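Colleague: Please read through the structure below; I'll follow up with questions.
The values are calculated or read from the model by the stated rules, or taken from the named source; none is laboratory data. This is a predicted model, so every value here is computed, not measured. Please note: Cβ atoms are built from the backbone with ideal geometry, for glycine as well, and neighbour counts cover all protein chains shown.
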Amino acid sequence: MSEAFDAVDVIVTKRDGGRLSDAQIDWVVDAYTRGVVAEEQMSALTMAIVLRGMDRAEIARWTSAMIATGERLDFSSLSRPTVDKHSTGGVGDKTTLPLTPVVASFGAAVPQLSGRGLGHTGGTLDKLESIPGWRASLSTEEMTAQLERVGAVVCAAGPGLVPADRRLYALRDVTGTVESVPLIASSIMSKKIAEGTASLVLDVKVGSGAFMRDLAAARELARTMVALGTDAGVRTVALLTDMSTPLGLTVGNALEVREAVEVLAGGGPPDVVALVCALAREMLDAAGLPDADPAAALADGTAMDVWTAMVRAQGGDPEACLPVAAETEEIIAETDGAVVLLDARAVGVAAWRLGAGRARKEDRVRATAGVELLVRPGDRVRAGQPVLRLHTDTPACFARAREALADALVVAHQGPATLPPLVIDRIAV
Ligand code: URA
């Protein structure tokens, strides 16, 4: 079959700072998905996009072209209103686990199509797979039935949903082309629009542990995604939230599930509870349930009941013991003082090196690996006090994890005058 364009012409247009036409975008995304545009050509084009950017019309067209490569789900037959949330990725971000049952406990349907770890950030599916028996793959029929009965589903997107993103995501992970507003926005929003949710709440992370480290870039990402969702008929709002410090006190798959269950039992670290409640309020509002009180659902056990039903429905045993690492080591404070910084990216990289993330696509993550935070910014510490606990089944990993953490903790005489707010801003149209 003769092709409408030449991949090299498309690459050169963007390399030289030009605009891609609608026809060029439609062709290149489709031809890459069909295997006609080679991996090295798409890798050159994505790098040109990282360096030259795209305007709003190009991003919207790129997103539509990605959606057109696959199927679209339709939950309009459900008796419950659908609402979803998506995080741009962070360290220790286990909010999906308590949030999904909290929102479903008020009668909404939450179809969480989640991903696996990308770079130093963790993936929700990897976390849930530390629960014995739990399975991430559901057919569309199983997903729809579970949404109607339980209201909550966390599962992997099927192979037919935005196949272009499946290939692009893996390519970007290994070619230094993740951190780009057009590429992140189109990747996330193509999946969310194709998934067919009526409303969407975005958690756009900003700080060292996020893909967007500075506020201006994170704000631009949030605005772009809100505009893409709104134009596609999805009621979309975004919260900009802090990711300079890991969320909660655990980073790593089974460790994070344990913490999420503490939150569902009415306890857990205050920052995790606060973020779950802030996101839940937005989701419930978007679903037409503005008077629902998420904190009450955590306190009275109704969210825990939905969690138990959700885990069971996907073959998991919510009562089973979670796996525990064979070895632990502690990092010790060297001086007295107050913690002024605990760097999220360094902790994410350390957890990854202990086995919580993948070095290559085909690697298996270790459920037990990770880092426990024994202190947080603002806490006072004494020299000799343990500040971090490392968990792994492979003690040879400790040395490289310690290297990643060399400058992660900053202790000073005076603590920070104020801590950054967890929710920095709210973006809506
Ligand atoms: N999450 C996604 O789904 N895509 C990205 O590009 C980054 C985070």
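Colleague: In segment 261-272, is there at least one residue being β-branched (Val, Ile, Thr) and within 16 Å of the chain's Cα centre (by Cα)?
Modeller: yes
Colleague: Would you confirm whether any residue within segment 41-60 is touching a Phe, Trp or Tyr at 6+ places or on another chain (Cβ under 6 Å) and either within 16 Å of the ligand (Cβ to nearest atom) or at pLDDT below 95 (or both)?
Modeller: yes
Colleague: Output the residues belonging to segment 213-236 that are crowded, with 24+ Cβ neighbours inside 10 Å and not in a helix (DSSP H, G or I).
Modeller: Result: Thr236, single match.
For every residue, the table says whether it meets (1) closer than 23 Å to Arg281 by Cβ; (2) touching a Lys or Arg at 6+ places or on another chain (Cβ under 9 Å); (3) at pLDDT 95 or above.
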| residue | (1), (2), (3) |
| --- | --- |
| Leu183 | no, yes, yes |
| Ser187 | no, yes, yes |
| Ala194 | no, yes, yes |
| Val206 | yes, yes, yes |
| Met212 | no, yes, no |
| Glu220 | no, no, yes |
| Met225 | yes, yes, yes |
| Gly229 | yes, yes, yes |
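Colleague: Which is touching a residue at least 40 places away in the same chain (Cβ under 8 Å), in contact with a Cys (Cβ under 6 Å, 6 or more places away or on another chain) and surrounded by 19 or more Cβ atoms within 10 Å (Cβ to Cβ), of Leu373, Leu342, Leu354?
Modeller: When all the criteria are applied, what remains is Leu354.
Colleague: Let me confirm something: among Leu138, Leu73, Leu78, which residue is closer than 19 Å to Thr236 by Cβ, surrounded by fewer than 22 Cβ atoms within 10 Å (Cβ to Cβ) and either over 19 Å from the mean Cα position of the chain (by Cα) or hydroxyl-bearing (Ser, Thr, Tyr) (or both)?
Modeller: Leu73
Colleague: Given the options Thr245, Thr175, name the one that is within 20 Å of Leu279 (Cβ to Cβ) and either of a type outside the set (Gly, Ala, Ser) or surrounded by 20 or more Cβ atoms within 10 Å (Cβ to Cβ) (or both).
Modeller: Thr245
Colleague: Any residue in segment 300-318 that is in a loop (DSSP other than H, G, I, E, B), surrounded by fewer than 24 Cβ atoms within 10 Å (Cβ to Cβ), among the charged types (D, E, K, R) and at negative phi?
Modeller: Within segment 300-318 (the criterion being in a loop (DSSP other than H, G, I, E, B), surrounded by fewer than 24 Cβ atoms within 10 Å (Cβ to Cβ), among the charged types (D, E, K, R) and at negative phi), the answer is yes, since at least one residue qualifies.
Colleague: For Thr197, only one of the following conditions fails: (1) part of a loop (DSSP other than H, G, I, E, B); (2) away from the ligand (no atom under 16 Å from the Cβ). What is its number?
Modeller: Thr197 satisfies all of (1) part of a loop (DSSP other than H, G, I, E, B); (2) away from the ligand (no atom under 16 Å from the Cβ) except (2).
Colleague: Which one is surrounded by the fewest Cβ atoms within 10 Å (Cβ to Cβ), of the residues in segment 26-57 that are touching a residue at least 60 places away in the same chain (Cβ under 8 Å) and of a type in the set (Gly, Ala, Ser)?
Modeller: Gly53
Colleague: Looking only at segment 34-87, which residues are more than 14 Å from Ala194 (Cα to Cα), assigned to a helix (DSSP H, G or I) and among the hydroxyl-bearing types (Ser, Thr, Tyr)?
Modeller: Ser43, Thr46 - these are the residues of segment 34-87 that are more than 14 Å from Ala194 (Cα to Cα), assigned to a helix (DSSP H, G or I) and among the hydroxyl-bearing types (Ser, Thr, Tyr).
Colleague: Within segment 205-213, is even one residue among the hydroxyl-bearing types (Ser, Thr, Tyr) and within 15 Å of the ligand (Cβ to nearest atom)?
Modeller: no
Colleague: Report yes if some residue within segment 64-80 is within 16 Å of the ligand (Cβ to nearest atom) and more than 26 Å from Leu138 (Cα to Cα); otherwise report no.
Modeller: There is no residue in segment 64-80 that is within 16 Å of the ligand (Cβ to nearest atom) and more than 26 Å from Leu138 (Cα to Cα).
Colleague: Being in a loop (DSSP other than H, G, I, E, B), surrounded by 15 or more Cβ atoms within 10 Å (Cβ to Cβ) and at pLDDT 95 or above: is that true of Ala367 here?
Modeller: yes
Colleague: Could you tell me whether Leu239 is touching a residue at least 12 places away in the same chain (Cβ under 8 Å), within 12 Å of the ligand (Cβ to nearest atom) and assigned to a strand (DSSP E or B)?
Modeller: For Leu239, the condition - touching a residue at least 12 places away in the same chain (Cβ under 8 Å), within 12 Å of the ligand (Cβ to nearest atom) and assigned to a strand (DSSP E or B) - is not met.
Colleague: With respect to Ala383, is the statement that it is over 22 Å from the mean Cα position of the chain (by Cα) and without any contact (Cβ under 8 Å) to a residue 12 or more places away in the chain true?
Modeller: no
Colleague: Please enumerate the residues belonging to segment 256-282 that are in contact with a Lys or Arg (Cβ under 6 Å, 6 or more places away or on another chain) and closer than 24 Å to Ala428 by Cβ.
Modeller: The answer is Leu279, and nothing else.
Colleague: Something else now. Return the residues of segment 253-299 that are in a helix (DSSP H, G or I) and among the small types (Gly, Ala, Ser); say none if nothing qualifies.
Modeller: Scanning segment 253-299 gives Ala254, Ala260, Ala274, Ala278, Ala280, Ala286, Ala295, Ala296, Ala297, Ala299.
Colleague: Shifting gears a bit: Starting from segment 166-189, take each residue that is near the ligand (Cβ under 10 Å from one of its atoms) and list its partners that are basic (Lys, Arg), counting only C-beta distances under 7 angstrom and pairs at least six apart or across chains.
Modeller: Filtered contacts from segment 166-189: Val178/Arg172; Leu183/Arg172.
Colleague: Right, next: For segment 92-155, which helices (runs of 4 or more DSSP H) that fit wholly inside it have 1 or more residues that are under 29 Å from Glu179 (Cα atoms)?
Modeller: 96-104, 124-128
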